[in-house]
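Quick notes on the structure that follows.
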Amino acid sequence: MKKFAIALAAAGSLAAIATLPASADHHGADLPGQMDVSRVAAGTYQTDPAHTLVGWSVNHFGFNDYHGVFGDAEGTLVIDPANPQDARVSVSVPITSVAVPSEGLRNHLLRPGKDGGSPDFFGAEPAPATFESTAVTVYGDGTRAIVAGNLSMNGVTKPVTIEARFTGAGSNPMSQAETIGFHGTTTIMRSDFGIDYALPVVGDAVELTISAAFEKQ
């Protein structure tokens with residue numbers, strides 16, 4: 001399990017993309033995206049897979065946290081700013097996109113089970129993880145919401161609640177698409193999804209940090 005301790009700094013830099021604090025000054029007046037809900041147009045949006053990430057963090061032996069990231073997410077968001085509580089989101093994230101600095105660890109995560117047995121983690125041909133929202137509760141100044149839904153991963157479906165916040169809207173200068181962004185956080189127990197390798201010395205609780213961009217269709 002020493003592989004879990006390799007190159008934390010590089011992995012942390014990937015996960016940091018999804019965990020910028022709300023107070024971070026990255027919404028200057030000259031930027032295309034602004035935290036202005038009046039910029040959000042009603043309609044159907046699709047993920048920008050190149051700029052949508054799901055970071056994860058798990059405790060390693062009680063010494064430190066190890067980070068990784070999933071990418072290439074695909075899905076849709078249907079939203080009407082006049083009725084944000086009726087928003088619906090459906091996203092699929094390929095497990096095979098998992099990125100960690102250690103090639104050996106990545107191979108382990110996607111390694112088939114020995115002699116036809118169950119894999120330690122996801123196996124060689126894992127199905128994508130999917131999230132389907134079931135309810136949205138908007139609170140505060142209207143830029144934050146609790147998104148309830150069902151997460152399916154590793155052949156198991158469990159209810160999950162995501163704390164989400166609106167982070168910007170505007171026209172993407174590269175694609176010219178109207179784009180809206182969100183950050184989200186949640187914690188899952190990996191054993192709930194049949195991933196119990198090295199418990200309890202490698203943590204059961206997995207913190208997920210989501211940085212999502214959606215483009216209007």
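Under the condition of being small (Gly, Ala, Ser) and touching a residue at least 40 places away in the same chain (Cβ under 8 Å), which residue from segment 76-105 is nearest to residue 149 (Cα to Cα)? Break it down stepwise before answering.
Narrowing segment 76-105 to residues small (Gly, Ala, Ser): 82, 87, 90, 92, 97, 99, 102, 104.
Adding the requirement that they be touching a residue at least 40 places away in the same chain (Cβ under 8 Å) leaves 82, 87, 90, 99, 102, 104.
Working: 82: 22, 87: 12, 90: 9, 99: 25, 102: 32, 104: 33 Å.
Filtering first and then ranking leaves 90.
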Just to be sure I understand the filter: pairs with C-beta atoms under 8 Å, separated by 6 or more residues or on different chains, first member in segment 106-130 and among the acidic types (Asp, Glu), second member open to solvent by 80 Å² or more (accessible area, probe 1.4 Å). Which pairs pass? 120/111
So, of the residues in segment 170-180 that are open to solvent by less than 60 Å² (accessible area, probe 1.4 Å) and among the hydrophobic types (A, V, I, L, M, F, W, C), which turns out to be nearest to the chain's Cα centre (by Cα)? 180
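Residue-by-condition table, conditions (1) part of a strand (DSSP E or B); (2) in contact with a Phe, Trp or Tyr (Cβ under 8 Å, 6 or more places away or on another chain):
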residue	(1), (2)
123	no, no
130	yes, no
149	yes, yes
165	yes, yes
170	yes, no
182	yes, yes
208	yes, yes
Condition first: among the hydrophobic types (A, V, I, L, M, F, W, C), open to solvent by less than 30 Å² (accessible area, probe 1.4 Å) and over 16 Å from the mean Cα position of the chain (by Cα). Now tell me which residues in segment 55-97 satisfy that. 79, 87
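Matching residues to (1) over 19 Å from the mean Cα position of the chain (by Cα); (2) closer than 20 Å to residue 43 by Cα; (3) not hydrophobic (A, V, I, L, M, F, W, C):
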| site | (1), (2), (3) |
| --- | --- |
| 150 | no, no, yes |
| 168 | no, yes, yes |
| 182 | no, yes, no |
| 191 | no, no, yes |
| 210 | no, no, no |
Tally, over segment 101-112, of residues that are assigned to a loop (DSSP other than H, G, I, E, B), open to solvent by less than 80 Å² (accessible area, probe 1.4 Å) and either among the β-branched types (Val, Ile, Thr) or within 17 Å of residue 190 (Cβ to Cβ) (or both): 1
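The values are calculated or read from the model by the stated rules, or taken from the named source; none is laboratory data. Note that the structure is predicted; figures quoted are calculated from it, not measured. So basically every Cβ, Gly included, is an ideal-geometry build from the backbone, and we count neighbours across all protein chains shown. Ligands, DNA and RNA are excluded from the accessible area calculation, which covers all protein heavy atoms including side chains. Shrake-Rupley method; radii C 1.70, N 1.55, O 1.52, S 1.80 Å.
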